[in-house]
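Engineer: For reference, the structure I am asking about is given below.
What follows is calculated from the coordinates using simple rules that are stated; it is not laboratory data. As the structure is a prediction and not an experimental result, all values here were calculated from the model. Cβ placement follows ideal geometry from the backbone for every residue including glycine, while neighbour counts extend to all protein chains displayed.
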Amino acid sequence: MRGSDLVQPFPGIRAPRHSPMTPTRLIAVYNERMSPENSFSHVTAALIHGLPLPLRFSRAMTIHVCSENPATRHGGRGVVGHHNVPGHIRIVVAHGFRVAAPVDTWCQLSTMLSLDELIMVGDALVRRINPLATMEQLRAAVARQSGRRGAKKLRAALEDVRPGVDSPKETELRLLLVRAGLPEPEVNGLIFNSVEAKIATGDLVYRLWRVLVEYDGGQHREDEEQYNWDIDRLDAIMESGWRVVRINKSHVGRRRATAIRRVEIALRDAGWSPIL
């Protein structure tokens, strides 16, 4: 292969030029030359585990690796090397890569992410479908981090992590409503009709007031079958006496006040009032 057919993403490492160099491909290229004493960590580990990251990291072309032996720690152009205290981080194999375990990755991210971003990753770890961890494992990990950099932020994040979430937008919406002084909703709660048959799993459920807040992601409109199913599902919920408030990405962005007001009106109409 000619030199013009190759790119050099890292010193001493060449790869074919034929396809775009994405973060995922960059990880695979670097893995071919990574020494066995090293493993992927921090945001690189989060990408491998499929954890949600802000765009500044999910599209970054920088690899993070760690090693227990400072003498074998990698570094240089495109690589950030970290020292891992022996026995402190559990290393697993995920998708063929040596990588920090999901819970340990979350702890590492405490030095790089904001509080809300860290909560979103925590929610993703204990998500409803195919969770990567339990709340007990998160609590144990936070306790082990005591006295270390990022420990305070981890403790604060743990207080707002909830199991059973399906998406980062659900987390963002829940935090928005609670911080506005509204009650905390049940996450992905089951909704039943008058004969106790399940009719839906609701995103954010205010069971006491029979108010359901649904986050409407774009995929629901792009998939016609899913869109039609959603209509029938929401009709069945409303026929059972629930009030449904639908929220989309604009409401957790520039129209946050509108989202809060709509949910508050629904709750007040159902008999809720703030504790003064």
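Engineer: Within the set of other residues whose C-beta is less than 11 Å from the C-beta of residue 31, count the net charge using Lys and Arg as +1 and Asp and Glu as -1.
Structural biologist: Charge balance in the 11 Å sphere: +2.
Engineer: So how far apart, in nm, are the two label points at residue 272 and residue 240 if each is 7 Å from Cα heading toward Cβ?
Structural biologist: So the two model labels end up 1.9 nm from each other.
Engineer: Further question: By how many nm would the segment from residue 194 to residue 140 lengthen if fully extended, with 0.36 nm per residue of separation less the alpha-carbon distance?
Structural biologist: Full extension of this stretch gives 15.3 nm more.
Engineer: Using θ = phi - 60° and the Karplus curve 6.51 cos²θ - 1.76 cosθ + 1.60, what whole-Hz ³J(HN,Hα) does each residue of segment 164-180 get, with Gly and Pro shown as x?
Structural biologist: Here the 3J(HN,Hα) series is x, 7, 9, 7, x, 5, 4, 4, 4, 5, 4, 5, 4, 5, 5, 6, 8 Hz.
Engineer: A follow-up question, please. When the convex hull of the Cα atoms of the chain is projected onto a plane and the area is averaged over all directions, what value comes out in nm²?
Structural biologist: Taking the Cα atoms of the chain, their convex hull projects to 18.7 nm² on average.
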